[in-house]
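The values are calculated or read from the model by the stated rules, or taken from the named source; none is laboratory data. What you are looking at is a predicted structure, and each value in this text was computed from that prediction instead of being measured. Glycine gets a Cβ as well: all are built from the backbone with ideal geometry, and neighbour counts include every protein chain shown.
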Amino acid sequence: MAKSNLAIRFLTAVVAGPMILALIYFGQPWYFAIFIALATMVGALELFAMTHADDKASQVICALLTVGVVGVLWQWGGNAKVLMALILLLPFASMLLVLFRLGEMRTAALRVAAGAFGPLYLGGGLASLALLRRDGGADGPSFVLFTFMLSWFSDTGAYFAGRFLGKHKLYEAVSPKKTIEGAVGGLGAAILGGAVAAHFFYLRSLPLVDGLVLAVVAGALGQAGDLGESLLKRSVGVKDSGGIVPGHGGILDRVDALLVTGTLTYLYVIWVRG
């Protein structure tokens, strides 16, 4: 079963990888932004199916709010007033939605919190990839690839290190299969496959020291993002967020770490590289 799942994962990567790379490197920035918006919509429907179970209307409304965050950040991300309005109004909108569609009283607080947090968490995290592609200049596509490499190599390194060397549980209450050895292997793979490969091959303008620091910080926090999504799924009794990605589960299962690596890399580009 494990070998079969690994083969499906590999085939999915072989098919989807070149298509995503072509979109990143050869398409217009807004092409990639549309792709991100579509992925956000699917991921948001998965997220709110967990937090707003049995309320399809609220799931769709919250998903549209999440895609709306992507649109706002794309169009007005540099406008502090718009960003402040977004942050202040989302909790209010979420509370109003729950008041109009009350449902189970015992889950009302969860739904209010999820409706405020989810759009910023998922919409903001994925929007950072589109913004990185657009605002990173000539290196924008390579910085997007860098974030994918940090996430992909960390995930792959953690999988194999955990499978062959894993003995000590990392956080059993949240994710029983994850191990400390897997986490260390994932971080090492992120450093080698992300920072070192980027500096010497496809993103030579990235100073090696900067790349190493980003790999350590984003790689470690990316694994925390993975645990965070596991926490959410475990709390609602769900194994996978969805099944749209063969061998991988749902969109959320694939972007949990990417939300962190993309956000941190984008902040590095706008604050450090200027």
Of the residues 107, 179, which single one is at pLDDT below 95 and either crowded, with 22+ Cβ neighbours inside 10 Å or polar (S, T, N, Q) (or both)? 107
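Specify which of the listed residues (130, 198, 108) is farther than 30 Å from residue 89 by Cα and part of a helix (DSSP H, G or I). Lay out the reasoning, then the answer.
Details: 130 fails: farther than 30 Å from residue 89 by Cα; 108 fails: farther than 30 Å from residue 89 by Cα.
After applying the criteria, what remains is 198.
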Any residue in region 151-176 that is without any contact (Cβ under 8 Å) to a residue 40 or more places away in the chain and within 22 Å of residue 194 (Cα to Cα) sitting within a Cβ distance under 8 Å of a residue that is of a type in the set (Phe, Trp, Tyr) and surrounded by 21 or more Cβ atoms within 10 Å (Cβ to Cβ)? List the pairs, counting only those 6 or more apart or interchain. none
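Given the criteria of a type in the set (Val, Ile, Thr), at pLDDT below 95 and out of contact with any helix residue (DSSP H, G or I) (no Cβ under 7 Å at 6 or more places or on another chain), does residue 20 qualify?
Values: of a type in the set (Val, Ile, Thr): yes; at pLDDT below 95: yes; out of contact with any helix residue (DSSP H, G or I) (no Cβ under 7 Å at 6 or more places or on another chain): yes.
Taking the combined requirement at face value, the residue satisfies it.
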Residues in region 11-35 that are of a type outside the set (A, V, I, L, M) and more than 19 Å from residue 123 (Cα to Cα): how many? 7
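Criterion first (surrounded by fewer than 19 Cβ atoms within 10 Å (Cβ to Cβ), modelled with pLDDT of 90 or more and over 23 Å from residue 124 (Cα atoms)) does residue 231 satisfy it?
Working: surrounded by fewer than 19 Cβ atoms within 10 Å (Cβ to Cβ): yes; modelled with pLDDT of 90 or more: yes; over 23 Å from residue 124 (Cα atoms): no.
So residue 231 does not fit the description; no.
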Among residues of region 19-47, those that are surrounded by fewer than 14 Cβ atoms within 10 Å (Cβ to Cβ) and either closer than 21 Å to residue 253 by Cβ or of a type in the set (Gly, Ala, Ser) (or both), counted: 3
Can you spot a residue in region 90-105 that is without any contact (Cβ under 8 Å) to a residue 12 or more places away in the chain and assigned to a loop (DSSP other than H, G, I, E, B)? yes
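Only one of these is under 20 Å from residue 45 (Cβ atoms) and either part of a helix (DSSP H, G or I) or at pLDDT below 90 (or both): 252, 212, 264. Name it.
Unique residue meeting the criteria: 252.
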Among (1) under 27 Å from residue 11 (Cα atoms); (2) under 19 Å from the mean Cα position of the chain (by Cα); (3) assigned to a helix (DSSP H, G or I); (4) among the hydrophobic types (A, V, I, L, M, F, W, C), which single condition is residue 221 missing? (1)
